[in-house]
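Reviewing the structure listed below.
The values are calculated or read from the model by the stated rules, or taken from the named source; none is laboratory data. Just so you know, these numbers come straight off a predicted model, no measurement behind them. Here Cβ is always computed from backbone atoms with ideal geometry, including for glycine, and neighbour counts include all displayed protein chains.
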Amino acid sequence: MSDTARHDHFESLEQQGDAARLGLWVFLASEVLLFGALFVLYAALRVQHESAFRESLEHATKTLGSINTAVLLVSSAFVAMAVHVLRAGRVKVAAALTSVTVILGLAFLAIKITEYVIHGGEGIGPAGTGHFFVEHRDRGFVPFWTLYYTMTGLHALHVFVGTSVLAFMVGGMVFGAIRESTVYRLECGAAYWHLVDLFWIFLWPLFYLA
Amino acid sequence: MSAVVPALPEREEHVPEASFLGVDRSVRSWLLTTDHKRIGLLFFFAISLFVFLGGVFAMLIRIEHLTAGPGIMTAMTYNRLFSLHGVTMVWLFMIPSIPTAFGNFVIPIMLGAKDVAFPKLNLLSFYIFLVGAIVVLVSMFLGGIDTGWTFYAPYSTHSNTAVFWATLGVFIVGWSTIVTGVNFITTTHNLRAKGISWMRMPLFVWTIYGTSVIQVLATPVLAIALVLTALDHAFDWGVFDRERGGDPLLFQHIFWFYSHPAVYIMILPAMGVVSEVVSTFSHRNPFSYKAIAYSTFGIAFVGFLTWGHHMFVAGLSTFDAGAFGILSMLVAVFSAIKTFNWTWTLKRGAVSVKTPLLFVFAFLFLFVFGGMTGVAVATTSLDVHWHDTYFVVAHFHFIMVGGTLTGFLAALHYWFPKVTGRMYPERLGAISAVLVFTGFFVTFFPQFLLGNAGMPRRYFDYLPRYHSLHVVSTVGSWALAAGLVFPVVYLTWALFWGPRAPDNPWGSRSFEWRTPSPPPKHNFHTQLDVSIGPYDYDKPLAGFTTGRSATREGEIE
């Protein structure tokens, strides 16, 4: 691509790409600490309410949550492929592959919302609201579900942001802003998406498996 | 200071390019600028406004303490004032102060770059900061907050003041902090001019880099603490509430996991300024460049492992408390490495005592004094006695306010000629430095004595035996205030009518002095020649002058 993608204060497009990649990775480190704080809270509260947390794991949406894991992993694979083919200059294929990731991201959100609706129907809300907590008196149920809504909610927000970013990138590939020479843009979007994926890899066992 | 400025020889090889101040004077060009220098100035003005506001709160608190019992306000107003004083000073002044104002201005120049890596994000970070600050200020009008700046649960979650808005505001400001950090880290890695290796960077860059690492890694943890507090306050979220199976101690853990490293976000940039000023005015390279650079990372790293020292009386086990105590003392080791380096550099150098250096002297005294009391409060047995008293208040004011404020003022005077192209009046600067130091000492030293005698912090009322020390402290605050208002007056004067500054009025070797004052929009007219390092005082100055500083030493006498 022509030099127009290069901003004035960079000497080359390579340098600009390196800066974008590094900046993104530093930001990802920040994101890790964001979720890290919540994982610490989960660990500390789980130690205090061992049995209630174990019992809570036997909830109604285990299957849906596990399907969602597959959805995210597959979506990540597609965007990874998109980066590879874009490096080879096949812009249209890359756009198509990224679109699949976007669709799968939306599917994840749809399934997640379905889960929230199911839990709501069972009388399980955040902050100990709902009749479930009248029937289950142990105080440990409240933090489990509050953390469930907080952590998966924050994650869903990240999925939404990631999906929007990738949708934007599909537009970029269609209209020419993202090409072989500016593949770093898609790489950044993909790296963010992989991290969002990775968070779920930790949330899934904590709230669905063990 | 007779400010005989040499006649400025015309630059021959270039038609003089307009400075960054002169390229476009419209308001729009300022508000939408992506020039790091202008963004630095936008931050500077915003931050100065907030330090003024926080200062007014502090003055009112001190006036209230002139007498025991109700004076000029009710107990509730008092609670709101000290809370807002803390929130404003910590998040709207000290955290952003030196990095966003001076870091933004000089870091790219020190690296020989045209701008920071992400100029648009840089502008965005300013507006995020502004929005966050406005939300914090809005909380003032929605009932204020009475929790103190620490927002401890469970009190904060049950307080019927505007905790939601204040925490939301600080949360938003946090985004600005993270974006700034990402920008500086990337800029340092990516935009160093050819020839500027890591070990050739000016030391100020090292400290801003270290600060940025802390900002990026610690701030998100605060974000979680604040979001959960806001949710708890608004919707009874309950993560920090015993009755709902939560745990209030967890708030303290994650709050201090951020807020202790935050102290180093405040002090490290000031240390960077000190390193620059000490070298420049001793006309001498730092005694050990590497020791100063690496100890920055010692502080940044160990700073993450000390948060428990805020919780000695919160039921930590003896072992944990001891471990946190020892780790906290390690910070003093790294700080001492820096301090000895600075003093030894001064001793070996030929010192010219100018205002920035006077502020650095104040820094050194306050920092060492505050640091030593820091080792004292890190000792668990002593801390039990001093916890939540004025002793702690005095300690952290000495070290973080004394450090940051004097560093900020040193930076302001040191880089004023570079930023504005004008010289400030030296004698008035010296008066201000003396006023600030004396005022600061008289305000806060009595608070050590008050705390040791048992005066608890955040109390509206006090016993008669504390009266005289409170009066001394209040009187000191007036001198401090005068010392802070004074520069506003003479610097404003100097901005318009001060004598023209040469490019390198201090005879510094650092890179930012190798470009015109004020710098052109893209920082350098020609490729920065870095064959002479930023501290190569044994090499002749003539090698790199930009053609305008013509005196023998390159210094105005």
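Does B:Gly238 satisfy being of a type outside the set (Lys, Arg), at the interface with another protein chain (Cβ under 9 Å from one of its Cβ atoms) and touching a helix residue (DSSP H, G or I) at 6+ places or on another chain (Cβ under 6 Å)? The answer is yes for B:Gly238. Restricting B:Val333, B:Val392, B:Val377 to residues that are aliphatic (A, V, I, L, M), surrounded by fewer than 19 Cβ atoms within 10 Å (Cβ to Cβ) and in contact (Cβ under 8 Å) with a residue 12 or more places away in the chain narrows the list to B:Val333. Looking at region B:248-257, which of the residues that are buried (at least 22 other Cβ atoms within 10 Å of the Cβ) and facing chain A (nearest Cβ under 9 Å) is farthest from B:Gly308 (Cα to Cα)? Looking at the filtered set, the residue picked out is B:Ile254.
Only a single criterion out of (1) closer than 30 Å to A:Gly176 by Cα; (2) β-branched (Val, Ile, Thr); (3) under 24 Å from the mean Cα position of the chain (by Cα) is not satisfied by A:Val32, namely (1).
Check region B:88-101 and report whether any residue there is more than 22 Å from the chain's Cα centre (by Cα) and at pLDDT 95 or above. Taking every residue of region B:88-101 in turn, none turns out to be more than 22 Å from the chain's Cα centre (by Cα) and at pLDDT 95 or above. Contact annotation: residue pairs with Cβ atoms under 6 Å, 6 or more positions apart or on different chains, pairing a residue in region B:518-536 that is within 14 Å of chain A (Cβ to nearest Cβ) with a partner that is of a type in the set (Val, Ile, Thr) and buried (at least 19 other Cβ atoms within 10 Å of the Cβ), are B:Asn523/B:Ile109; B:Asn523/B:Thr515; B:Phe524/B:Thr515.
Within region B:347-364, being within 23 Å of the chain's Cα centre (by Cα) and part of a helix (DSSP H, G or I) holds for B:Thr355, B:Pro356, B:Leu357, B:Leu358, B:Phe359, B:Val360, B:Phe361, B:Ala362, B:Phe363, B:Leu364. Looking at this structure, is A:Phe133 at pLDDT below 95 and either surrounded by fewer than 18 Cβ atoms within 10 Å (Cβ to Cβ) or over 23 Å from the mean Cα position of the chain (by Cα) (or both)? Taking the combined requirement at face value, the residue satisfies it.
Just a yes or no: is a residue in region B:151-160 among the hydrophobic types (A, V, I, L, M, F, W, C), assigned to a helix (DSSP H, G or I) and either away from chain A (no Cβ under 11 Å) or without any contact (Cβ under 8 Å) to a residue 12 or more places away in the chain (or both)?
no
For region B:121-134, the criterion of being part of a helix (DSSP H, G or I), without any contact (Cβ under 8 Å) to a residue 12 or more places away in the chain and over 21 Å from the mean Cα position of the chain (by Cα) is met by no residue.
In region A:1-110, which helices (runs of 4 or more DSSP H) lie fully inside it and hold 2 or more residues that are more than 14 Å from chain B (Cβ to nearest Cβ) and either crowded, with 20+ Cβ neighbours inside 10 Å or not small (Gly, Ala, Ser) (or both)?
Per the criteria, A:62-87.
I'd like to check something: does region B:203-210 contain any residue that is of a type in the set (A, V, I, L, M) and facing another protein chain (nearest Cβ under 7 Å)? Within region B:203-210, not a single residue is of a type in the set (A, V, I, L, M) and facing another protein chain (nearest Cβ under 7 Å).
Condition first: in a helix (DSSP H, G or I) and hydroxyl-bearing (Ser, Thr, Tyr). Now tell me which residues in region B:284-305 satisfy that. Within region B:284-305, B:Tyr289, B:Tyr294, B:Ser295, B:Thr296 meet the criteria.
B:Phe102 fulfils the conditions (1) within 14 Å of chain A (Cβ to nearest Cβ); (2) in contact with a helix residue (DSSP H, G or I) (Cβ under 6 Å, 6 or more places away or on another chain) except for a single criterion, (1). Annotation: of all residues in region B:507-532 being in contact with a helix residue (DSSP H, G or I) (Cβ under 7 Å, 6 or more places away or on another chain) and at pLDDT below 90, the one that is nearest to B:Arg422 (Cα to Cα) is B:Leu528. Of everything in region B:161-175 that is more than 13 Å from chain A (Cβ to nearest Cβ) and of a type in the set (Gly, Ala, Ser), the residue that is nearest to B:Gly143 (Cα to Cα) is B:Ala162. Selection over region B:160-173 of residues that are buried (at least 18 other Cβ atoms within 10 Å of the Cβ), more than 25 Å from the chain's Cα centre (by Cα) and not aliphatic (A, V, I, L, M) gives a count of 2.
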